[in-house]
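Input: a single structure, listed below in structure tokens.
The values are calculated or read from the model by the stated rules, or taken from the named source; none is laboratory data. For clarity, every value in this text was computed on a predicted model and none was experimentally measured. Cβ placement follows ideal geometry from the backbone for every residue including glycine, while neighbour counts extend to all protein chains displayed.
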Amino acid sequence: MDTNKIKAIIQMFEESQISKLDLQDGDLKLSLEKNVEVVYENIKKEITIEEKTIEEKEPIGNAVTSPLVGTYYSASDATSKPFVQVGDQVKMGDTLCIIEAMKVMNELKAPQDGTVLNIHIENGQTVEFGQTLITIG
Amino acid sequence: MFEQVRDALVESLNLEGDAIALTSSLKEDLGIDSLAAVELSLDLETEFDVEITDEELASLVSVEDIVKLIESKK
Amino acid sequence: MIKKILIANRGEIAVRIIRTAKEMNIETVAVYSTADKKALHVQLADESVCIGSPLAKDSYLNMFSIIQAACQTGCDAIHPGFGFLSENAEFARLVQECGLIFIGPNYKIIEKLGNKNVAREMMIAAGVPVIPGSKDIITDIEKGKEDAKKLGYPIMVKASNGGGGRGMRVVENENEFETMFRQAKSEAKACFGDDDVYIEKLIRNPKHIEVQVVGDQFGNVIHLFERDCSFQRRNQKMIEEAPCFKLDKTIRENMLNDAIKACQATGYDSVGTIEFLLDQSGAYYFMEMNTRIQVEHPITEMITGVDLIKLQIKIASHNKINLKQSDIQQKGYAIECRINAEDIEKDFAPQPGRIDFMHIPGGRGIRIDSAMYNGCEISPYYDSMILKLIAYGDTRLECIKKMRRALGELIIDGVTTNTKFHYYTLHSKEFIEGLYDTSFCENFIKELKDNGTLI
């Protein structure tokens, strides 16, 4: 069976609602699987508002969350370089950012060694307790 | 006075006016149990501005007793 | 005028405050702990900020988190509700120092009235009758015994900075003094972080009557009549009524006037409550002043038609009370049953869990204040009160019958509640007669236990 046919079959399978397909043609065995988004009628109006920040696919790695309500600063002051950027290597205890609360500057330390996979927040933005700031993997 | 007492009974216990006679017994004829009796005494106290003690309430058997009791307090 | 309020509370009182703020076109910011992520007050407010982990000390008692949240969301006022930080003078001062309005009395007044002993002295100076007792804080056991002997047993050992029935012990006679004294001190330390205690005469089985008062920042003071909160279990109120049924007219007049006097003496400038104890002889004594809105305030709102939270907010925005005492008319009767998630057959142990299904009663004269909804969680971290059922009727009896009907209609599945207990109470003779005192509730529970209804 030539490759375009296989591509066509896969493409057709992709668009279909079926979640599993096994195909045998001569010595070629093709088995395809995907999870189908089960759509159901939401009968009860769930009185919960959607999460404000859309839940992006969590990159593997641990989330460093804010221990305080306050304002996030990526650098020690306006003029200096940010403490970390995506891709940086950090060691446990390195300063990742500052959370300013009640006029007090609190340095947030890296809880583990690793690489900065993602920074979910911009300099100067306000944060709430438990909000994910940086992911380290 | 009987009319006033009867109206109070109708109002308080949702009874039929003409089912109430001077001689009707509270328990048997009008089906007033101890709880309803307490509630009735409260209504009578507010309606006629009198005090009815527990003993007096317990001694009431017929509608006539109520009328006599209230008249004695007026 | 206040434009944006942060509500430093949760549960039904937060929802209740948010509702009035919305009616006044004031923006609302809710704060919540991670356990309250899906709470109703968070969903109803215009904005919300997570302020900490579930334990109250890390979230709803975390002053800095709350004030920071208020500043960064641009609020101009904080409403503390009741409990939590509502009577914390330090918090009120900090709020003011950060340029925000604390919706409540001036922090100096909170400080003064928060200390039961200082409050007593102010009342004595104002000519308001107080419970006979020793003025100073007792530190030495022997001295305490001496004072107690002078007063004559039974006496009460009470936390100076306590309230809500905590940090207090009854002492029947001298040889009980030491153990009870130590217990009261340790409970006061645990609950209020302050183990100062004083002693006063025990008033045997009094009625607990409190007067709703309102003062503004211009010296005007009015009262909104009294509430009868005698139905208590271990000093925790369960059912409250307004007005107090069969309260002698002259005693009532004097009590209301004394409440005004107390308010004027302290320069009280917000919504508050003066609590009195009324003994069998008809004498009453000042017990304490609550410098906050109270759980049972709705029953006063029902008989006077006044929105107390709106009044609180207006006063905090430096407005005069536009109501004269003659404007406050009292009509009809109101009763409130506190529905708690507790198991009456397990000594009222709290029952956290998830509400699978809930039906709320309605109809003329029924008001429900609650933050519960179908499918919501009741967390073990906070108070077990989940719903306030309030009935209003033209006469007290009509009000009782209405409450019985509403209790019968109330369904809360998935969590055990004390609804059944309220239903029994509203059918008991003593309750209907309305002359019960603060000992009735516990005797009634014992009675129910004895005749097998509550195993």
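Quick notes on this structure:
- Verdict on residue C:161 being part of a loop (DSSP other than H, G, I, E, B) and touching a residue at least 60 places away in the same chain (Cβ under 8 Å): no
- Residues in the stretch C:313-365 that are at pLDDT 95 or above and among the aliphatic types (A, V, I, L, M): C:313, C:315, C:316, C:328, C:334, C:335, C:339, C:341, C:355, C:358, C:360.
- All of (1) at pLDDT 95 or above; (2) within 29 Å of residue B:35 (Cβ to Cβ) hold for residue C:373 with one exception: (2).
- In the condition set (1) buried (at least 23 other Cβ atoms within 10 Å of the Cβ); (2) closer than 24 Å to residue C:113 by Cβ; (3) not charged (D, E, K, R), residue C:231 is compliant with all but (2).
- Set side by side, the residues C:375, C:363, C:408 differ, and just one is surrounded by fewer than 18 Cβ atoms within 10 Å (Cβ to Cβ), within 13 Å of another protein chain (Cβ to nearest Cβ) and farther than 19 Å from residue C:232 by Cα, which is C:375.
- For the stretch C:341-354, the set of residues classified as surrounded by fewer than 20 Cβ atoms within 10 Å (Cβ to Cβ) and assigned to a loop (DSSP other than H, G, I, E, B) consists of C:347, C:348, C:351, C:352, listed by residue number.
- Taking the stretch C:125-151 as the range and being under 23 Å from residue C:283 (Cα atoms), surrounded by 13 or more Cβ atoms within 10 Å (Cβ to Cβ) and of a type in the set (A, V, I, L, M) as the test, the residues that pass are C:126, C:128, C:130, C:131, C:148, C:151.
- Residue A:115 more than 27 Å from residue C:63 (Cβ to Cβ), surrounded by fewer than 20 Cβ atoms within 10 Å (Cβ to Cβ), free of Cβ contacts under 8 Å to residues at least 12 places away in the same chain and out of contact with any His (no Cβ under 9 Å at 6 or more places or on another chain): no
- Those residues of the stretch A:79-137 which are more than 14 Å from chain C (Cβ to nearest Cβ), part of a loop (DSSP other than H, G, I, E, B) and charged (D, E, K, R), in sequence order: A:81, A:88, A:91, A:94, A:113, A:122
- Residue list for the stretch B:46-74, filter: part of a helix (DSSP H, G or I), in contact (Cβ under 8 Å) with a residue 12 or more places away in the chain and not acidic (Asp, Glu): B:48, B:57, B:63, B:66, B:67, B:69, B:70, B:73
- In the set (1) more than 11 Å from chain C (Cβ to nearest Cβ); (2) polar (S, T, N, Q); (3) free of Cβ contacts under 8 Å to residues at least 12 places away in the same chain, the condition left unmet by residue B:25 is number (3).
- Selection over the stretch C:50-100 of residues that are of a type in the set (Phe, Trp, Tyr) and within 14 Å of another protein chain (Cβ to nearest Cβ) gives a count of 3.
- Qualifying residues in the stretch C:22-49 (those that are buried (at least 23 other Cβ atoms within 10 Å of the Cβ), in contact (Cβ under 8 Å) with a residue 60 or more places away in the chain and small (Gly, Ala, Ser)) - the one farthest from the other protein chains (Cβ to nearest Cβ): C:39
- Within the stretch C:254-283, the set of residues being closer than 14 Å to residue C:104 by Cβ and in contact with an Asp or Glu (Cβ under 7 Å, 6 or more places away or on another chain) comprises C:269, C:273.
- Elements of type strands (runs of 3 or more DSSP E) in the stretch C:365-455, at least 3 residues being of a type in the set (A, V, I, L, M) and in contact (Cβ under 8 Å) with a residue 24 or more places away in the chain: C:385-393
- The set of residues in the stretch C:417-440 being more than 14 Å from chain B (Cβ to nearest Cβ) and in contact with a helix residue (DSSP H, G or I) (Cβ under 8 Å, 6 or more places away or on another chain) consists of C:418, C:419, C:420, C:421, C:422, C:440.
- Exactly one residue among B:7, B:43, B:18 is at pLDDT below 90, assigned to a helix (DSSP H, G or I) and within 14 Å of chain C (Cβ to nearest Cβ), and that residue is B:43.
- Filter result for residue C:52 (in contact with a helix residue (DSSP H, G or I) (Cβ under 6 Å, 6 or more places away or on another chain), more than 19 Å from residue C:28 (Cβ to Cβ) and buried (at least 23 other Cβ atoms within 10 Å of the Cβ)): yes
Matching residues to (1) in contact with a helix residue (DSSP H, G or I) (Cβ under 9 Å, 6 or more places away or on another chain); (2) of a type in the set (Gly, Ala, Ser):
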{"position": "C:11", "(1), (2)": "yes, yes"}
{"position": "C:26", "(1), (2)": "yes, no"}
{"position": "C:36", "(1), (2)": "yes, no"}
{"position": "C:43", "(1), (2)": "no, no"}
{"position": "C:75", "(1), (2)": "yes, no"}
{"position": "C:83", "(1), (2)": "yes, yes"}
{"position": "C:91", "(1), (2)": "yes, no"}
{"position": "C:111", "(1), (2)": "yes, no"}
{"position": "C:115", "(1), (2)": "no, no"}
